[in-house]
């Protein structure tokens, strides 16, 4: 297995305890996030349903699901979309879309770290949904970096799939 910047490997990651937390290997460091809260899971489930209905031929997986990236990195996006029928123990590239739902403890990781990691991996589309801010941001890879294709409390996008994201509707507990 390839050593990363700090010497940690996928084997180190796999040795982490099964304690309800999510462990990822990013840039040679093991990153831990606590289990998501109810509101986070509500947004995830509803957005997954929207994507599944809008995108025949694709399969939408929700965390925890491992995605192996170049340079020995392994992440667990909140949602990941791949062509239907992909098999294997873990997902690998190509990935059509990754979605992160920002939680209080994941802001820097989602807005900065993963933005760079996903761009470097060549993932064409990266969406962020921030329930506390009431915003969705749809990024599209433009060369080696992402540019914002749509942003707001309600966004409509046609790439990589035509869908309307209404953050208030995703977060509504009723």
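Structural remarks
- Relative contact order of the stretch 88-174: 22 percent, from C-alpha pairs under 8 Å at least 6 residues apart in sequence.
- Note on the chain: GNM, Cα springs under 10 Å; of 39, 88, 116, the largest mean-square fluctuation is that of 88.
- With contacts taken as Cα pairs under 8 Å at a separation of at least 6 residues, the chain carries a relative contact order of 16 percent.
- Taking 94, 56, 64 in turn, the Gaussian network model of the chain (Cα-Cα springs below 10 Å) assigns the largest fluctuation to 56.
- Degrees between helix 38-54 axis and first principal axis of the chain (Cα, 0 to 90, nearest 10): 70 degrees
- Residue among 99, 154, 81 with the largest mean-square fluctuation in a Gaussian network model of the chain, springs linking Cα atoms under 10 Å: 154
- The chain - share of DSSP beta bridges that are antiparallel (%, nearest 5): 85 percent
Computed from the coordinates by the stated procedures, all read-outs in this text should not be read as laboratory data. Since this is a predicted model, take the numbers as computed values, not measurements.
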